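Structure first, then comments.
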């Protein structure tokens, strides 16, 4: 028996007014945002910035006839955008976002928002003092299945979560990176490996849904370089419940990132993946009947005006622009993302110290 899959709670509305948006950084994420923003009604891609002439030329070759600049300062001066999406490399990300915030312009910055926790805290403090919207790229929170999982847990349908397991896998890194010059995964230039680049999206969903852990312990495998390719963590919530967290970008068979969350409570069990949401409940709740229910990803509403491997990125970008225009605050606002960055920092400190218990900074 299945429950009706209505729209998940959270912002999926269109922006309230026309927004002129710029993109800083034209790597894979920057180009994806440029494509997505061009399909959000009421949004105009006003300009881009990247120091690499080849990257700017490649975007023009895709048909984007917008002003392109080598420096973000020049972009801000000439284009005067209403909002900026910052997808610069991690070692430059906080500085780029800071420049935009200091110009009084709202920012959506890719995850992680900064290379270090200290940089992230300074960025959030600046946005708070200036009262400028700052959001961080966590699209998994907008994926319909996982948005519904959040609602189920927050409504207490399972009762207090007693055990949680989660995993995110993708097939991406299977060999050492070339050593010519500073590489993309140089630990002096990135926050970390698979957790910083990929797993922090799942971590954000877990922290937002279950709360900030009080302590963590973790171990990692550095298979192909100086940053982790796999990490296994256990996180302890304030009530003593344990949350398992696994991620790897070095396992075969996952052409796209695959995510699974399992939750157990006194009133039932939940299993969520990119394909479906399954519940087995002792009593009805959150629109689900008692007993077993299953909703496929295809059963959920499809609000996106442009499908880019799913609904998530379109809904994610549209929600940020809605906030900028005076709409509701999206789930991935900076203070919530900072909690995730603190947990990530604790996991890294534990793994680097051989798996010792580490308190999460508050």
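Using alpha carbons only, how many degrees (0 to 90, rounded to 10) separate the axis of helix 144-154 from the longest principal axis of the chain?
50
Across 5 Å bins from the origin, how do the percents of Cα pairs in the range 19-139 run, short distances first?
Reading upward from the zero bin: 2, 12, 25, 26, 20, 11, 3, 1, 0.
Plugging the Kirkwood radius over Cα pairs into Stokes-Einstein for the range 28-83, at a temperature of 20 °C and a viscosity of 1.002 mPa s, what D comes out in µm²/s?
Value of D from the Cα-based Kirkwood radius: 184 µm²/s.
Among 351-362, 149-160, how do they line up by average Cβ neighbours within 10 Å per residue, starting with the highest?
149-160, 351-362
List, largest first, the extents of the alpha carbons of the range 242-316 along their principal axes, each in whole Å.
The principal-axis extents, from largest down, are 37, 32, 20 Å.
What number in nm² do you get for the range 288-344 if you take the convex hull of its Cα atoms and divide its surface by four?
Its Cα hull, projected and averaged over all orientations, spans 6.6 nm².
Obtain the nm distance between the two label points defined at residue 239 and residue 128 by a simple spin-label model: each point lies 7 Å from its Cα along the Cα-to-C-beta direction.
In this crude spin-label approximation the distance works out to 2.7 nm.
Under 8 Å for C-alpha pairs, at least 6 residues apart: give me the relative contact order for the chain, rounded to a whole percent.
Relative contact order, the chain: 23 percent.
If R0 is 41 Å, what FRET efficiency do you get for residue 284 and residue 226 from their C-beta distance, rounded to 0.05?
So, using R0 = 41 Å, E works out to roughly 0.20.
With the contact rule set at Cα under 8 Å and sequence spacing of 6 or more, what percent relative contact order holds for the range 19-139?
It comes to 23 percent, rounded to a whole number.
Between residue 102 and residue 255, with labels modelled 7 Å along Cα→Cβ, what's the label distance in nm to one decimal, could you check?
Label-label distance for residue 102 and residue 255, simple model: 4.5 nm.
How far, in degrees from 0 to 90, does helix 117-130 lean away from the longest principal axis of the Cα atoms of the chain, to the nearest 10?
Helix 117-130 sits at roughly 70 degrees to that axis.
GNM on the chain, C-alpha springs below 10 Å: top fluctuator among 223, 202, 123?
223
Please work out the FRET efficiency for the pair residue 353 and residue 155, using the Cβ-Cβ distance as r and a Förster radius of 30 Å; give the result to the nearest 0.05.
For residue 353 and residue 155, the calculated efficiency is 0.20.
Size of the range 52-211 along its principal axes in angstrom, Cα-based, largest extent first?
Largest first, the range 52-211 extends 54, 44, 35 Å along its Cα principal axes.
How compact and how long is the chain, expressed as Rg and Dmax of its alpha-carbon atoms in Å?
Expressed in Å, the Cα Rg and Dmax of the chain come to 20.2, 60.
Summing -39500 (n - 2.57) over the DSSP H runs of n ≥ 4 in the chain and dividing by its residue number, what mean residue ellipticity at 222 nm do you reach, to the nearest 500 deg cm²/dmol?
It lands at -9500 deg cm²/dmol.
Compute the acute angle (0 to 90°) between the alpha-carbon long axis of helix 200-210 and the principal axis of greatest extent of the alpha-carbon atoms of the chain; round to the nearest 10°.
Long axis of 200-210 versus the principal axis of the chain: about 50 degrees.
No value in this document is a laboratory result; all are computed from the given coordinates. Quick caveat: nothing in here was measured; it's all calculated off a predicted structure. For neighbour counting, all protein chains shown are included, and Cβ atoms are generated from backbone atoms with ideal geometry for every residue, glycine included.
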